[in-house]
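Worksheet: the structure to be examined is printed underneath.
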Amino acid sequence: MTHSEIEALVKGFIVDAADRPANPRVQQVVLRLTTDLFKAIEDLDLQPSEIWQGLEYLSAAGAAQELGLIAPGIGLERFIDIRSDEAEARAGLAGGTPRTIEGPLYVAGAPVGEGFARLDDGTESGEGEVLFMQGTVHGDDGKPLAGARVEVWHANLKGNYSFFDKSQSAFNLRRTIVTDDNGRYQFRSIVPMGYGCPPGGSTQRLLDLLGRHGRRPAHIHFFVSAPGHRKLTTQINIDGDEYLWDDFAFASREGLVPAVKRIDDPAELASRGLDKPFASIDFDFRLYGECAAAPADEVARRRAAAPTPETGTLRAAA
């Protein structure tokens, strides 16, 4: 079929077949995506077995909750960020901390600390390197923001995240820190490890067929927000990681790889109650002010949340 014939065919399926009022936006999106899909099937001469295998693959990926990994793996989540960056630039916003992908492993409801929090539960202290990370949250005018919320989460030494890894304690390596009067935050944790997609899972199977690895460098996720300012979604990478600039999720960005200092001064160790050197990272965040010309900064997506008192099980957060 020609492309024009496909366009007419799909219009008949999606638009002309409607016998009641349609949601205009949903109809517009489904019409476009279905048309593009049918054109790709025609242009690539996809066979029925290939089409059904593709549908079965997506069904299995959804059942295994791996669509949230496939999205960054094919660059979709990074593409969304690029579009957001372009929209903010058109709105005249510049100079803020770079955004990068959220990923699929955030959990709402982490305990809150004022100015400081310890993220780890201590179970990996003997194996891992203690990390102190600290900095200031600034507004668009460069002034420190007291009362800003710094939500932080990262993987353990096995590359696993609490809640999704049932062997970890609740909210291990997850906290929300409210900045002090000087806009400062600090947390103690362990230096995280990088990790890979689940071996044999839907994402890794696709990456194998594409001739790609599924590794991520060690990193730490952040949501940073404050009244009157746009919410920032970002993460920093741990400098020196083998996959620092070869992230399967395409999340590495200039400006998000702070220096890691190793502190071994005896007086400094004693002041922190430590008997071995630790890692220290300084990193400031700069938020944009609210801007009506920019797109929404809050992404509506299903996320995990704290257990409900009634059931003690995870609930979904919009």
* To do: Treating only the Cβ atoms of Lys and Arg (+1) and Asp and Glu (-1) as charged, compute the dipole magnitude of the chain about its Cα centre; round to the nearest 20 debye.
  => 640
* To do: Let me know the shape class of the range 88-236, please: from the alpha-carbon gyration tensor, a ≥ b ≥ c as square roots of the eigenvalues, rounded when a/c is under 1.5, otherwise prolate if a/b is greater than b/c, or oblate.
  => oblate
* Cβ-based exposure ranking for Val15, Val26, Val224, Val178, in which fewest neighbours within 10 Å come first -> Val26, Val15, Val178, Val224
* Counted charge near Gly289, where neighbours are those whose Cβ lies closer than 14 Å (Asp, Glu -1; Lys, Arg +1) -> -1
* **the range 61-202, dipole about Cα centre (Lys/Arg Cβ +1, Asp/Glu Cβ -1), debye to the nearest 20** => 100
* Between Gly196, Gly92, Gly183, find the one with the highest GNM mean-square fluctuation for the chain; connect C-alpha pairs within less than 10 Å. => Gly92
* To do: Quick one: order Met193, Met1 by neighbouring beta-carbon count within 10 Å, fewest to most.
  => Met1, Met193
* Asked: Given springs between every Cα pair under 10 Å in a Gaussian network model of the chain, which of Thr123, Thr34, Thr179 has the largest fluctuation?
  -> Thr34
* Asked: For the range 97-317, what proportion of DSSP beta bridges, expressed in % and rounded to the nearest 5, is antiparallel?
  -> 70
* Asked: If you line up the long axis of helix 48-63 against the longest principal axis of the chain, both from Cα atoms, how many degrees apart are they, to the nearest 10?
  -> 30
* Asked: So how far apart, in nm, are the two label points at Trp245 and Asp264 if each is 7 Å from Cα heading toward Cβ?
  -> 2.9
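Given axes a ≥ b ≥ c from the Cα gyration tensor, I'd like to know whether the range 190-301 is rounded (a/c under 1.5), prolate (a/b larger than b/c) or oblate.
Details: a/c = 2.58, a/b = 1.11, b/c = 2.32.
Note, shape of the range 190-301 comes out oblate.
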* Asked: With springs only between Cα atoms under 10 Å, which of Pro111, Pro198, Pro24 fluctuates most in a Gaussian network model of the chain?
  -> Pro24
* To do: Assuming a ≥ b ≥ c are the square roots of the Cα gyration tensor eigenvalues, decide whether the range 25-156 counts as rounded (a/c under 1.5), prolate (otherwise, with a/b larger than b/c) or oblate.
  => oblate
* Structure fact -> Dividing the mean separation of Cα pairs under 8 Å (6+ apart) by the residue count of the chain yields a relative contact order in percent of 20
* With axes computed from alpha carbons, what is the tilt in degrees of helix 24-44 against the longest principal axis of the chain, rounded to the nearest 10 within 0 to 90? -> 70
* Using a basic spin-label model with each label point 7 Å from the Cα along Cα→Cβ, how many nm lie between Ser49 and Ala94? -> 5.6
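Could you tell me what a quarter of the Cα convex hull surface of the range 1-63 works out to, in nm² with one decimal place?
On the way: hull surface 21.3 nm².
The orientation-averaged projected area of the Cα hull of the range 1-63 comes to 5.3 nm².
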* Structure fact -> Neighbours of Phe187 by Cβ distance under 9 Å: Lys/Arg at +1, Asp/Glu at -1, summed charge +3
* To do: List the extent of the Cα atoms of the range 67-120 along each of their three principal axes, largest first, rounded to whole Å.
  => 37, 32, 15
* Asked: Taking other Cβ within 10 Å of each residue's Cβ, how do Tyr57, Tyr185 sort, fewest first?
  -> Tyr57, Tyr185
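Rule-based calculations on the coordinates, nothing more; no lab input. Since the model is a prediction, treat every value here as computed from it, not as a measurement. Methodologically, a virtual Cβ is constructed for each residue, glycine included, from the backbone with ideal geometry; neighbour enumeration extends over all protein chains shown.
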